Amino acid sequence: MISAVHTMEFCEILRVVLCGDNGRDVTVRAPRMAKLAMPGQFLHIACEGFTLRRPISICEIGVDTLRFVFEVRGRGTDWLAQRREGETLDIVGPCGAGFYNLDASRHAVLVGGGIGCPPLLPLAGFFGGNATAILGFRSEKQLILQKDFEEKAGSVLITTDDGSVGRKAFTTEVLAERIAAGGVDCIFACGPTPMLKGVQKLALESGIPCQLSLEQRMACGVGACLACATKVQDASREDGFRYAHVCKYGPVMDAKEVIF
């Protein structure tokens, strides 16, 4: 997949809500980008005092608004977390290639790990009652978007590493059980690499189509540098692989393509 056309807007912040124990849930007015955005794409947000923008997944697409959720992980996102309603953000987007070949009549399982859950929310809305969301977190303190997923998906299963909320299990354990129960037509996943590797293995073994949204550090966000290059299958090459930019050919890729 190749990323779609993107634009730049100075976006007014309409809403800021605390999310989890160290995150923010932000909605901005972005009429041009909202018309272009697709599930799975991301925004590249300028943070004052920093040369590089911060890539943050789109969590919800409105008529003229976009919503994103992020965790504070450094000085850039710390600056972003201090922004308030009425202020303006310099945003480039929508960036990257999102989820594709979507069919709302199919039964989909959405597997999210931590901050990998937000980009799956638009899919929960798209598939509706045909969606099962399996969302995993370290503990109850990190739990985000449970109510949002419950409002959109047919069923929501929460797992935590410590059992403080939901089931004490890994998301891949629950996914394996759901596959064994039958009726899964497609799988979509976003989260840490170990989780994605487990999802990929289950999908390939069961022959179920699967798309993975890769979490990767990015610099330019438009495929000009090599910061987010990742190994993918390429049968046309003698060595059988090549490197693709996650920011341009992803973040969403077919599970059959990705080499972890």
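Extension gain for residue 14 to residue 225 (0.36 nm times residue separation, less C-alpha to C-alpha distance): 72.7 nm. Summing +1 for each Lys or Arg and -1 for each Asp or Glu among the other residues whose beta-carbon sits under 9 angstrom from that of residue 186 gives -1.
Its alpha carbons considered, the range 69-207 gives a radius of gyration followed by a Dmax of 16.0, 50 Å.
Per 0.36 nm of contour for each residue apart, how much would the distance between residue 139 and residue 7 grow if the chain were fully extended, relative to their Cα-Cα spacing?
Details: separation 132, 0.36 × 132 = 47.52 nm, distance 3.73 nm.
Working it through step by step, the gained length comes to 43.8 nm.
What's the center-to-center distance, using Cα atoms, between the range 178-201 and the range 88-107 in Å? That distance is 19 Å.
Per-atom-type breakdown for the chain gives carbon and sulfur 50% of the accessible area (1.4 Å probe, protein chains only). Cα-based radius of gyration for the chain, normalised by 2.2 N^0.38 Å, reads 0.97. Under Stokes-Einstein, with the Kirkwood radius over Cα pairs as Rh, the value for the range 19-138 at 10 °C and 1.306 mPa s is 105 µm²/s. Placing a pseudo-label 7 Å from each Cα along the Cα-to-Cβ vector at residue 208 and residue 241 gives an inter-label distance of 2.6 nm.
Per-residue packing, averaged as other Cβ atoms within 10 Å, sorts the ranges 233-241, 169-177, 183-191, 13-21 into the order 183-191, 169-177, 13-21, 233-241, beginning with the highest.
The values are calculated or read from the model by the stated rules, or taken from the named source; none is laboratory data. If you're wondering where the values come from, they're calculated on a predicted model, not measured in any experiment. Ideal geometry is used to build each Cβ from the backbone, glycine not excepted, and the neighbour counts take in all protein chains shown. Note: accessible area is taken over every heavy atom of the protein model, side chains too, but ligands, DNA and RNA are not part of it. Shrake-Rupley method; radii C 1.70, N 1.55, O 1.52, S 1.80 Å.
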